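Presented below is the structure to which this report refers.
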Amino acid sequence: MRKFLKISICTLATVILIFAVTEASIIIFGISSKPKKSDCIIVLGCAVYGDFPSPFFRERLNRAFELYKKGYARYIIVCGAKGPGENISEAEAGKRYLVERGVLPELILKEDKSFSTYENLLYSKRIMNKKGFKSAIIVSNMFHLRRASLIAKKLKMNASFSGVYVKQYLHEEYYGFVRESVAVWYEILKTLTSF
């Protein structure tokens, strides 16, 4: 019984340590990521409410617009297919939002087939290859960037990162940081088992 208890305590302590280290890496990566001048900006998909970007998606688009205005990249790729409860694809909603802010329609490329972060980046890479783009700035919430970086590395993308933090939705942000710890390990294990 004592041996079982000791093993249980050691296992729990190991799990807590792994979680803490992973969480720290997610937070540090999100905070320290800086964009570099690139051929394009990739806005990872997020929910659309009817025809309009959700608050998280809107902040991602605002960051992309800010980087575009500062001359970090000429083109913007907006990601995301049409999900349940969405009248249009996330990519279409993102494009409309950016056009309203003054970005020329021909400089916005839609990736509207994806339903996951991996697909966002996989299909965006195909657009990059087709257009001859060699580098990208990947934009998402800070909590999302570490996993996005693992996927970008797997896809051999030359990418820098820029993250947003939406203070008005603290609960959702905190939940995102906690959830991503599991998602990051899922991505790591998936990569390891693919060899």
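Roll a 1.4 angstrom probe over the protein heavy atoms and tell me the percent of accessible area of the chain that is carbon or sulfur. Roughly 62 percent, rounded to a whole number. Sequence-ordered 3J(HN,Hα) estimates for region 35-49 from the Karplus curve with 6.51, -1.76 and 1.60 and θ = phi - 60° stand at x, 10, 3, 9, 6, 8, 10, 10, 9, 5, x, 7, 4, 10, 9 Hz, glycine and proline given as x. The value of relative contact order for region 43-163, using C-alpha pairs under 8 Å at least six residues apart, is 25 percent. A full extension of the chain between ALA20 and SER116 corresponds to an added length of 32.0 nm, given 0.36 nm per residue minus the alpha carbon distance. Screening the chain for DSSP H helices whose Cα atoms reach 27 Å or more along their own axis and whose mean Kyte hydropathy is at least 1.6 gives 2-32.
Based on the Kirkwood approach, the hydrodynamic radius assigned to region 49-144 is 13.5 Å, with every pair of different Cα atoms included.
Averaged over its residues, the chain has an accessible area of 57 Å² per residue, based on protein heavy atoms and a 1.4 Å probe. A Förster radius of 30 Å, combined with the Cβ-Cβ distance separating GLU100 from ILE28, puts the computed FRET efficiency at roughly 0.30. If you restrict to DSSP beta bridges whose two residues both lie in region 1-193, what percentage is antiparallel, to the nearest 5? Approximately 10 percent, going by the DSSP bridge assignments. About the Cα centre of region 1-94, how large is the charge dipole given +1 on each Lys and Arg Cβ and -1 on each Asp and Glu Cβ? Please answer in debye to the nearest 20. My answer is approximately 580 debye. Once backbone amide H atoms are built at 1.01 Å from N, ILE138 has ILE42, SER160, PHE161, SER162 as its partners under 5 Å, excluding neighbours fewer than 5 places away on the same chain. Across the chain, the fraction of Cα-Cα pairs farther apart than 30 Å, rounded to a whole number, is 22%.
The values are calculated or read from the model by the stated rules, or taken from the named source; none is laboratory data. In this text, all values refer to a predicted model and were calculated from it rather than measured experimentally. All Cβ positions, even for glycine, are placed from backbone atoms using ideal geometry, and neighbour counts span all protein chains on display. When the accessible area is computed, the model is the full protein with side chains, heavy atoms only, and any ligands, DNA or RNA have been set aside. Shrake-Rupley method; radii C 1.70, N 1.55, O 1.52, S 1.80 Å.
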